[in-house]
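Just so it is clear, none of the values below were taken in a lab; they were calculated from the coordinates. Computed from a prediction, not measured in an experiment: that's the story for all the values here. Don't worry about glycine lacking a Cβ; one is built from the backbone with ideal geometry, like all the others, and counts go over all protein chains shown.
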């Protein structure tokens with residue numbers, strides 16, 4: 001890394017980049033994770049990019065805080081969902097406690113139980129949205145070294161997913 005103004009920038013020959021880390025499932029190659037929060041129909045509400053070696057459960061509360069207010073009925077706009085369904089990577093006692101303090105019912109698969117927890121009937125919506133996003137090869141294979149550029153392409157892809165869903169609904 002070299003100093004460039006107020007931040008560090010990648011050199012031309014440097015591998016990886018910001019928000020990359022050794023993936024625990026891909027022979028320790030550097031990679032990134034996309035974290036996604038969607039509504040019941042698969043519309044992306046919040047997203048983030050972290051290194052492949054970062055824990056999933058550390059990203060649950062920041063994702064919930066990134067959800068913009070949703071206008072609807074008269075009164076204060078909603079910012080939080082009633083239940084949150086997530087896979088085993090987001091499970092921890094402290095996260096469950098934090099969700100309950102926020103008034104959210106945690107529907108997280110337990111780490112210690114066998115597979116087949118029944119959350120698959122809700123989780124497929126998220127997996128389908130990931131499939132929509134990974135149709136953009138630039139997100140499936142990370143070519144960008146800088147995290148801000150990669151996250152901008154992720155945001156653009158989420159906007160395109162929303163646009164396509166709106167076009168198909170009319």
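General observations
- Packing-based ranking of 137-143, 47-53 yields 47-53, 137-143, ordered from highest to lowest mean Cβ neighbour count within 10 Å.
- Peptides 144-156, 92-104 ordered by packing proxy, namely the average of other Cβ atoms within 10 Å per residue, highest first: 144-156, 92-104.
- Taking 0.36 nm per residue of separation and subtracting the Cα-Cα distance, full extension of the segment from residue 162 to residue 100 would add 19.4 nm.
- Residue separation of residue 61 and residue 127 scaled by 0.36 nm, minus their Cα-Cα distance, works out to 21.8 nm of gained length.
- Computed E for residue 93/residue 54 - FRET, C-beta separation, R0 25 angstrom, nearest 0.05: 0.85
- Going from the fewest other Cβ atoms within 10 Å to the most, the residues 82, 91 appear in the order 82, 91.
- Annotation: peptides 61-72, 35-46, ranked by per-residue average of other Cβ atoms within 10 Å with the highest first, follow the order 35-46, 61-72.
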